[in-house]
Amino acid sequence: QVQLVESGGRLVQAGGSLRLSCAASGRTFSRYTMAWFRQAPGKEREFVSGITWSAGRSYYADSVKGRFTVSRDNAKNTVYLQMNSLKPEDTAVYYCAAGTSAAVPLGRYSYDYWGQGTQVTVSS
């Protein structure tokens, strides 16, 4: 079992930056592929970014490529999402997810564990 708790979401102006954190419980955190998804009101939950267990590979949605950076610290059981140059369309609830795939699946149903989400609001 893995429990995930996100933090760091808040209201920020367009062009600003935020760093989201996802703290995981469980001794096997380092073996999980981790990902960030987001869901805006009335929209489907979508993949934002993901990172393999060894942090050897990371992936990004086209909409955030070049602006967001995912990282992880296995010693701290934490995965991060650094978000720069934020836009109003980045407004959503951001979720952390953990899965056992060796790669980074883009589909939400490939992940076994989810956090409760953290709200990011970007004002124009």
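A few remarks follow.
- Which listed residue, of Thr121, Thr69, Thr78, is over 12 Å from the mean Cα position of the chain (by Cα) and among the polar types (S, T, N, Q): Thr121
- Filtered residues of the stretch 61-82 (kept if at positive phi and at pLDDT 95 or above): Gly66
- Residues of the stretch 81-115 that turn out to be open to solvent by less than 40 Å² (accessible area, probe 1.4 Å) and in a strand (DSSP E or B), as a count: 10
Per-residue answers, yes or no, for (1) of a type in the set (Lys, Arg); (2) over 15 Å from Leu18 (Cα atoms):
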site: Phe37; (1), (2): no, yes
site: Arg57; (1), (2): yes, yes
site: Phe68; (1), (2): no, no
site: Tyr80; (1), (2): no, no
site: Pro88; (1), (2): no, no
site: Ser123; (1), (2): no, no
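- Pair list, Cβ under 9 Å, 6 or more apart: the stretch 75-92 residue among the aromatic types (Phe, Trp, Tyr), other residue open to solvent by less than 40 Å² (accessible area, probe 1.4 Å): Tyr80/Gly8; Tyr80/Leu20; Tyr80/Ser21; Tyr80/Cys22; Tyr80/Val70; Tyr80/Arg72
The values are calculated or read from the model by the stated rules, or taken from the named source; none is laboratory data. None of these values were measured; they are calculated from a predicted model. Neighbour counts run over all protein chains shown; Cβ positions are idealised from the backbone, glycine included. SASA here: full protein model, heavy atoms, side chains in, ligands and nucleic acids out. Shrake-Rupley method; radii C 1.70, N 1.55, O 1.52, S 1.80 Å.
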